[in-house]
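The values are calculated or read from the model by the stated rules, or taken from the named source; none is laboratory data. As the structure is a prediction and not an experimental result, all values here were calculated from the model. All Cβ positions, glycine included, derive from the backbone under ideal geometry; neighbour counts span all protein chains shown.
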Amino acid sequence: MTTHPRPTLAAPPPARILPRNNQRLANGMRATFVHAGAVPMASVRLVLRTGSADVPANQKWLDRFTHEYLREGTTSLDASSFADTLAGLGGRLTVDADEHTTVLRTEVLAERAPEAIRLLADVARHPHFPASEAERLRNDLRRNLDLALAQPSYLTFAAFRGALYGDTHPYGRVIPNPAAFDGFDATASRAFWEAETGAQRALLLVGGVFDEAAAMDAWRGAFEDWESGPAAASNPPTPATTRSIRLVDRPGSEQSTMYLGRSVPEPTHPDYVPLEVTNSLLGGSFHSRITMNIRETNGYTYSPHAYITSRPQDAYWIEVADVTTNVTGPAIREVFAETERLRAEAPDLEELVGIQNYVAGSFMLRQATPGGILDHLEFLDLHGLDEAYTASYVERVRAVTPDEVRRLAEQYLGTDAMTIAITGDRSVIDAQLAEYGTPST
Amino acid sequence: MVEHTASGGSARVTTRESAFGLQLPVSRHTLANGLRVVFSVDHTAPIICVGVYYHVGMRLEPRGRTGFAHLFEHLMFQGSESMAKMEIAQLVQQNGGNLNGSTRYDFTNYFESMPAHTLDLALWMEADRMRGPVITQAELDNQRDVVKNEIRVNVLNRPYGSFPWIDMQAVAYDNWHNSHNGYGDMADLDAASLEDVQSFFDSYYSPANAVLVVVGDFEEAHALELARRYFEDIPAAAAPGSADIVELRQEAERRTSNVDALANKPALAVGYHVPERGSREYYAMGLLDQVLLQGEDALLHQELVSRRGFTGGVDGGINFLGHMHNAQTPLLWCSELVHDRDVSADAILEAFDAVIERVRTEPLPQETLDRALVKARSSLYSTINDTSYPGYGRADLLASFELFEGDAAQVNTIEQRFTAVTPELVMETAREYLRASNRTILTVVPGVAEADPTAETGAAE
């Protein structure tokens, strides 16, 4: 059988960043328009700087309730007319939300972008919150909570957040008290929405294929008379700096769902981009060290992955894996061993260059689709970063040295301060966890 | 590092509502060994996506070896003549790309989205593994463990893990090829040997049973030269005969109920056999899916969610492992929902039936059909605009049409075929295919007592 010599490639070309049209209105509302791709679709996202962290402690999930309520129409379109109208543009409403961001998002046929912009504006500015629908939406919320509580990933996430941020900070207090749902109604949603939205906390993103002049006109017309609204509040957390273990008992569980992680510098910090490179080498890519170890060598798990997740002035690194119950202890041991090895020994230059190419290349792939570009713009906005971050990103990735990777691992990823959260069968795994500390529940 | 190019501002805007908004360039070639090659050039971003589709999936695996097509997919990452275990993943990554593979009913695919300058390498890699996996017993054992963990995380350890896809197909289909669990029984996975690997490869992974598709920023003449260089000397072997996957017309409603030990809410799914792929009725069924099930304007959402409050959402569609364009029939159109214990499945079915009965007995208003057409088009474009693996959505459509309709260029007729559907055809299709006797009803009985979130949150509040 013939084999062919492995081809050698030319050096990669510089990253191509598509031009952005950034605009601002007198009331503080901003917009960015980016043409990308050839598929005749436009992505429209209304990014609002409001989220679960803005909800009072005794009203946990009022934000989710309100997002569902937004679908019930506007002061000029009832729920079914709203759904029909948006569907007629080729779109449907998606609401993505986290602690500080609520994104009203839709993808529509290219020529319908201006109408989609006006519709999203109508939802954000003139929601109807009909009283007749409150009981049904409260019931949906109760059902969703029950369903979430049956999911090991949700239970583990909640345990991890509680251990890392403490049970009183909004980032750490994940699971709501359903008794509070009884008080959620049109009045509560309207009050929350009015207090936590406004032009100065809004950014419109339009990407894909669309008529720019018409989109800009639609944006101005729909938003220029919006009140600036109240400024967003800030309440940075104080993450744990010592190791703790939380265990959620799930008798008979086939696997242990585990989250191992700790606080790291956030995106405006100079170490953040080098840490992304470090993460990709350690656990954040298919060929990373942790994945090669616990999946490809040991077969403990199917989908281990590590990543850095961030909020303003806050970030943490995390390794997530669902491992066969009887190897829970060994899996943690291997994750820790890989982490400690990187803290002790700088990687070979060849391994690092491969990872740098991966991080740079993935960045470029994301800049090739409307969805990837808009995700990046949301990230920049959340952290107060601008085009300079995008422009210098690949250069910063390529500037990382082997010793810097070791230094970052040593400084930020010590396993002695990892927060551990596990959902699994306590009767089987308790003994396996003894070497990492005493679990709390 | 930032290069502002003219291409960003030159994107064309489609303003003609009735025109077909998208025509993908397609060129097709067949190499001497029977490998079909499909190219679709798109210079808007400096990336490529390379996919190799083998015309074998869960439906074709041997009895006693359930789950084997999927296990084999994993093995295709474990090394070949010129690449060590997982080296293919390393090569893709260190050249700035992302890769994956998947096992479906009728095909198994391997694909990578890469920077455009890596085309030569991507084709070399895929040709190397088309020559066959070179793996050890240890590598087989390792991936068997990985696959078992995949089944645990996606099915066994997760509430509603087999609902509805595995449970529904077990009841709705009579033909074993369609009805068996494609993830496999653990005992069958345990029995898989290196001999099975070789024989499966020899049977199904020949060039004549595969399609190579390249989309993105490249020159066709150059890509064809590379494809010939790396693939054409892979020995030809006869393409396997296709399995008999035919289902006879269903004549009586089926109903089954399963206990899910991890679920805490009841669930309901209703699955109907759909018309044959490519037929006029198939496209009418695609529009019925839009009218009834997709989005919040859909009739089932309006009735079951907005009006009755039975559930927070009704999900589903055609093809559990994809969409209506990337599988061959038989397929099911399935609606599924989770509901509260104080409502019976029968009460929900009664409301469901009233909606279905309407489309079976009254022609759709033209306005509703027009909206369904817009939704179908938008859904097709969103598939092409894949964000996770740029270029993959387009590659997948082209490969599917090449495999299932014999011509990738047929992808450009999708919109035309939807447009040709009339309200009368929709009603006729609904009358024949949305018959109660053509469906299977599946219910999930929760095995977990009603959750007591107050107890769970005692510490959190």
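Values computed for the structure shown
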read-out	value
Search result, residues across region B:121-148 that are surrounded by fewer than 19 Cβ atoms within 10 Å (Cβ to Cβ) and either of a type in the set (Ser, Thr, Tyr) or assigned to a loop (DSSP other than H, G, I, E, B) (or both)	B:GLY132, B:VAL134, B:THR136
Among the candidates A:ASP249, A:ASP225, A:ASP217, residue that is within 20 Å of A:THR156 (Cα to Cα), surrounded by fewer than 17 Cβ atoms within 10 Å (Cβ to Cβ) and over 24 Å from the mean Cα position of the chain (by Cα)	A:ASP249
3 or more residues under 29 Å from A:GLY372 (Cβ atoms) and assigned by TED's automatic domain parsing to the domain that holds A:TYR69: qualifying strands (runs of 3 or more DSSP E) within region A:176-270	A:202-208
Filtered residues of region A:342-356 (kept if within 12 Å of chain B (Cβ to nearest Cβ) and under 12 Å from A:THR401 (Cβ atoms))	A:LEU352, A:VAL353, A:GLN356
Only listed residue being within 29 Å of A:TYR302 (Cα to Cα) and among the aliphatic types (A, V, I, L, M), chosen from B:ALA223, B:ALA208, B:ALA170	B:ALA170
Which listed residue, of A:THR390, A:THR401, A:THR369, is among the β-branched types (Val, Ile, Thr) and touching a Ser or Thr at 6+ places or on another chain (Cβ under 7 Å)	A:THR369
A:ASP167 at pLDDT below 95, out of contact with any strand residue (DSSP E or B) (no Cβ under 6 Å at 6 or more places or on another chain) and facing chain B (nearest Cβ under 9 Å)	yes
Residues satisfying the stated conditions in region B:74-95, i.e. buried (at least 23 other Cβ atoms within 10 Å of the Cβ) and either β-branched (Val, Ile, Thr) or on the phi > 0 side of the Ramachandran plot (or both)	B:ILE88, B:VAL92
Subset tally (residues that are of a type in the set (A, V, I, L, M, F, W, C), over 21 Å from the mean Cα position of the chain (by Cα) and within 14 Å of chain A (Cβ to nearest Cβ)) for region B:145-202	5
Residues that are of a type in the set (Gly, Ala, Ser) and not in a helix (DSSP H, G or I), drawn from region A:333-383	A:ALA346, A:ALA368
Filter pass, A:VAL103 being closer than 20 Å to A:ALA195 by Cβ, out of contact with any Asp or Glu (no Cβ under 8 Å at 6 or more places or on another chain) and either of a type in the set (Val, Ile, Thr) or within 11 Å of chain B (Cβ to nearest Cβ) (or both)	no
Residue check for A:ARG289: within 14 Å of another protein chain (Cβ to nearest Cβ), surrounded by fewer than 24 Cβ atoms within 10 Å (Cβ to Cβ), farther than 17 Å from A:PRO330 by Cα and of a type in the set (Lys, Arg)	no
Count of region A:1-32 residues which are farther than 30 Å from B:VAL134 by Cα and either touching a Leu at 6+ places or on another chain (Cβ under 6 Å) or surrounded by fewer than 21 Cβ atoms within 10 Å (Cβ to Cβ) (or both)	18
Residue satisfying all of: in region B:215-257; more than 30 Å from B:TRP165 (Cα to Cα) and of a type in the set (Asp, Glu); farthest from the other protein chains (Cβ to nearest Cβ) among these	B:GLU220
Residues satisfying the stated conditions in region B:170-183, i.e. in contact with a Leu (Cβ under 7 Å, 6 or more places away or on another chain) and surrounded by 22 or more Cβ atoms within 10 Å (Cβ to Cβ)	B:ALA172
Any chance B:VAL314 is without any contact (Cβ under 8 Å) to a residue 60 or more places away in the chain, under 21 Å from the mean Cα position of the chain (by Cα) and within 14 Å of chain A (Cβ to nearest Cβ)	yes
Failed item in (1) buried (at least 23 other Cβ atoms within 10 Å of the Cβ); (2) closer than 30 Å to B:ILE48 by Cα, with A:GLU296 passing the rest	(1)
Residue list for region A:375-392, filter: at the interface with chain B (Cβ under 9 Å from one of its Cβ atoms) and either farther than 15 Å from A:VAL273 by Cβ or touching a residue at least 12 places away in the same chain (Cβ under 8 Å) (or both)	A:ASP375, A:GLU387, A:THR390, A:ALA391
Unmet requirement for B:ALA354, which otherwise passes all of (1) away from chain A (no Cβ under 14 Å); (2) crowded, with 18+ Cβ neighbours inside 10 Å; (3) assigned to a helix (DSSP H, G or I)	(2)
Subset of region B:331-349 (residues that are crowded, with 22+ Cβ neighbours inside 10 Å, more than 14 Å from every other protein chain (Cβ to nearest Cβ) and not aliphatic (A, V, I, L, M))	B:TRP333, B:CYS334, B:SER335
Residues satisfying the stated conditions in region B:65-116, i.e. touching a Gly at 6+ places or on another chain (Cβ under 8 Å), within 19 Å of B:ALA127 (Cβ to Cβ), among the small types (Gly, Ala, Ser) and within 7 Å of chain A (Cβ to nearest Cβ)	B:GLY97, B:SER113
A:VAL335 vs. criteria at pLDDT 95 or above, more than 9 Å from chain B (Cβ to nearest Cβ), in contact with a His (Cβ under 8 Å, 6 or more places away or on another chain) and surrounded by 18 or more Cβ atoms within 10 Å (Cβ to Cβ)	no
Options B:PRO240, B:PRO207: the member that is buried (at least 16 other Cβ atoms within 10 Å of the Cβ), of a type outside the set (Gly, Ala, Ser), in contact (Cβ under 8 Å) with a residue 60 or more places away in the chain and outside the structural domain of B:MET114 (by TED's automatic domain parsing)	B:PRO240
Residue match in region B:254-274 (condition: more than 30 Å from A:PRO152 (Cβ to Cβ), under 25 Å from the mean Cα position of the chain (by Cα), surrounded by 14 or more Cβ atoms within 10 Å (Cβ to Cβ) and among the small types (Gly, Ala, Ser))	no
Condition check for A:GLY166: surrounded by 17 or more Cβ atoms within 10 Å (Cβ to Cβ) and touching a residue at least 12 places away in the same chain (Cβ under 8 Å)	no
